[in-house]
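Read the structure below first, then the notes.
We did not get these values from a lab; they are worked out from the coordinates using the rules stated. If you're wondering where the values come from, they're calculated on a predicted model, not measured in any experiment. Cβ placement follows ideal geometry from the backbone for every residue including glycine, while neighbour counts extend to all protein chains displayed.
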Amino acid sequence: MKKIFVNCVLVLLAIALLCGCSESNEEGVKSANRFEELKTLPLDTVLSRAIAFYEQYQATNDTLLRDSMNDYKSHFFARWKRSTDSLCATISADDSLATELREIYEAVLKYFFEYDFKHRYWLTLDTARRESLLVMVGSAQKVELENYGIREAAIMGIPFEEASSALKKDSVGIFKIVYFVQSLRVRYIDTVAADMEALQKIDPFDIKWSERKEAISACMEKTPIGQQVLVLNKEYKSLLSNFMKTKTRRDSHFLFREISALWRFWNDPFPFHSFPTALRAIFNKNRDMVNLYVDNGYIQGLFDLSKRSGKWEVVMFRSEWKYRGHKR
C-alpha cells in the first residue's frame, strides 16, 4: 500500500513538473514572438508608446494600461541589453591604469552602497533605536547639523546584514532597480606626493586642465548588490537625452524606477551616469594612494584610498561642503 502511495505521489509530481515546464515554454514562446513583433518599431516609438501608456495608467489606474506600459518598457530595455556595445568592455592586459581605476571605483562603490543602505535603514528606525546607536559612538544628544560626524559614525556602526535584510523586504526599494547605467571616464593626475598627508594638501582645483590626463576605465558586470550594469552607447545616449529634454520631472520616474542614474535637469545634454560618478583621480608618486573626486547626485567630495595588500580600500571621505574627514 505504501509503495502504491509513493508511486502515485511521484506520478503527480511528474505531471506537475511537465505542466509547469509546458506553461514556462509557452510563456517563453509568447515573449519571443512579442519581441520579434516589436523589434520592427524604432526605439523612440517604443519609448513614446511606453510613456503614453504610463500617463494613461497614472490617470486611470487601469491595470491593462499598466501591463501595456510594462510590455513596451521591457522591450526597450531588452533591445538595449542585446545591443553589441551595451555591456561592459574588457580591459586589455597592458592597460594597468584602467585596471587600477576600475578597482578604485569598485572600492568607492562598495563604500557608497554600504553607507547608502545603512542610511536608508536609519531613516526607518524609531527615535529610541537611533539614540541607542548614538550612545554607542559617545553621544546621546539629538542629531543636529553641527554633529553630522557623530550621526555618520552611528549609521556606519549598523551591521550591514541588518540593514540589507530590512531593505530586501521593501517592495519598491533599491533591490528592485534592475539596470545600472555606467559610463566611467576619469581624468587623472600624477603627483610627487609621497604620502596621504602630502596628497591631501593638493587642491585639485589648482591643477591646470592641460595637466590632467585622460583614461577610460571599463565598468563592472554587476554592482555589489547584483544590479546588472549597462553602458551608454551612442544610440541610447542620444535617445535618452532627447527623451528627457521633452519630458517633465514627473515623467522621468517612468525610467528611474528601472535604472539608477544621476539626473540634473539644468544640464544640456542630459548626463545619464549612475551615481556615484567618478570625475577626477589624483595619485601619489608610487600610485598606491589616490584622491578620487566623486559626485553621488546630491553631494560632492573626495574619497581618499590606499592600496593595502594589493587591494584598494577607502580611508576617508571628505565632503566638499564641509571637508570633514571620517576615518574608517
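Note down the nm distance, to one decimal, between modelled labels 7 Å out along Cα→Cβ at A194 and at D206.
1.9 nm
Relative to the present Cα-Cα distance, how much length would full extension add between A52 and R308 at 0.36 nm per residue of separation? Walk me through the numbers before you get to the answer.
Numbers: separation 256, 0.36 × 256 = 92.16 nm, distance 5.20 nm.
Taking 0.36 nm per residue and subtracting the Cα distance, the gain is 87.0 nm.
Under the rule of at least 5 residues apart or a separate chain, name every residue whose amide H is placed under 5 Å from the amide H of Q300.
For Q300, whose amide H was placed from the backbone, the distant partners under 5 Å are E320, W321.
Suppose R0 equals 45 Å. What FRET efficiency, 1/(1 + (r/R0)^6) with r the Cβ-Cβ distance, do K285 and E161 give to the nearest 0.05? Present the calculation step by step, with values, prior to reporting the outcome.
Values: r = 39 Å, r/R0 = 0.87.
Once rounded, the FRET efficiency stands at 0.70.
Go ahead and run the numbers for FRET between T90 and E235, Cβ-Cβ distance against an R0 of 22 Å, rounding to 0.05. List each step's numbers first, then the result.
Values: r = 21 Å, r/R0 = 0.96.
Computed FRET efficiency for T90 and E235: 0.55.
What FRET efficiency comes out for E103 versus R129 if R0 is 41 angstrom and r is the Cβ-Cβ distance? Round to the nearest 0.05. Could you put the intermediate results ahead of the total?
Working: r = 36 Å, r/R0 = 0.87.
Once the sixth-power term is evaluated, E becomes 0.70.
How far apart, in nm, are the 7 Å Cα→Cβ label points at D67 and T45?
In this crude label model, D67 to T45 measures out at 2.4 nm.
Show which aspartates and glutamates lie in cross-link reach of K73 when reach means a straight Cα distance below 19 angstrom and same-chain residues fewer than eight apart are skipped.
Answer for K73, where 19 Å is the Cα cut-off: E27, E36, E37, D44, E55, D62, E235, D251, E258, listed by chain and number.
Please report the antiparallel percentage of DSSP beta bridges with both residues in segment 161-240, rounded to the nearest 5.
Antiparallel: roughly 55 percent of the beta bridges in segment 161-240.
From the residues S86, L134, Y105, which one has its Cα farthest along the dipole of segment 83-135 in the positive direction, the dipole being from +1 and -1 charges on Cβ of Lys/Arg and Asp/Glu about the Cα centre?
Ranked along the dipole, the leading option is L134.
Under a crude label model (7 Å from the Cα following the beta-carbon direction), how far is T60 from M136 in nanometres?
It works out to 5.1 nm between the two label points.
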